[in-house]
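Since the structure comes first, as structure tokens, the remarks are kept for the end.
Please treat every number below as a calculation from the coordinates, not as lab data. All figures in this text were calculated on a predicted structure; none of them were measured in a lab. Ideal geometry is used to build each Cβ from the backbone, glycine not excepted, and the neighbour counts take in all protein chains shown.
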Ligand SMILES: *Cc1c(COP(=O)(O)O)cnc(C)c1O
């Protein structure tokens, strides 16, 4: 069929993916600006100042407690999983697994010969949480889980595990949080985490290939100790990453364009009201989607427990009367892209990224277009 959605119904920008996701025009302009340090050395002041600016802005954005530091390096969040296995986990870890990304993280850590991973898991669409083993003899030294499971749209509270107050028996358990698709789009109490890490191509609307992490003093102690006593490939050594970050550098050459995209976004987040404002916006956008789904008889939010529904990645199942694949392909022809479910989930589903760069009005237009497509196909 060769119909097109009436132009006045379309959103201004058709990018609703869960990462890479919509970059604002101001971000792209920053890269193209003749005054940008594109094409110059990352060991010289213009790029080092840019890294320094990002570190300072993130310190402010996340209200970092005393002693926490911002680190960064190349390789994205997937690399951090391996880096954690090498320079954060001593020998016993526990992972909450409730989707593809958390499963991959647990797999990466479980593969190294010195670490055992105890897995707390739940079916896709449900939340699994870690279980505190702080007082036992075989105490877990590292707990890790995602804040937002991007493959299913399940959102986890961020709390610390294994460091029960008043006991100095096992003071060292670390809590590591994969915040790749949530950092910047939701509020967080960083003091509940030891490593809060993310890639910038989701809420920050920047590009892939880089990772950023906020590390607590306890994490820094662990990283420095393991990174200097274990044999660790340089690129996976968080101790080297930390040393470079303190000098506003990265171990190897970063994408300068990406740094510019991140700096512009962080500036915008801060000047727009910080994390509270971003969280308000993503909550408003995702609420439109969940309400829309509750009101369409063929649709159901995939995440049954409303309290576990993500404000930044909304997943909506349809019954067989609506063919989401055909509709997604049709919308793509009309410039609305990337609303397909996570590849391996294999459901009749739409998955929408409602990151801060997507305005609630644009989400409303998107839903109108889907309604139009269902009606006309
Ligand atoms: C996207 C994503 C990743 C992977 O990020 P890369 O930058 O591709 O390594 C990891 N964890 C979560 C929760 C994600 O959403």
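Structure above, values below:
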| read-out | value |
| --- | --- |
| Criterion violated by residue 27 - all others in (1) crowded, with 20+ Cβ neighbours inside 10 Å; (2) assigned to a loop (DSSP other than H, G, I, E, B) satisfied | (2) |
| Meets criteria (farther than 26 Å from residue 221 by Cβ and without any contact (Cβ under 8 Å) to a residue 12 or more places away in the chain) for residue 45 | yes |
| Qualifying residues in the range 57-90 (those that are assigned to a strand (DSSP E or B) and away from the ligand (no atom under 15 Å from the Cβ)) - the one surrounded by the most Cβ atoms within 10 Å (Cβ to Cβ) | 71 |
| Enumeration of residues in the range 178-210 that are within 8 Å of the ligand (Cβ to nearest atom) and surrounded by fewer than 24 Cβ atoms within 10 Å (Cβ to Cβ) | 208, 209 |
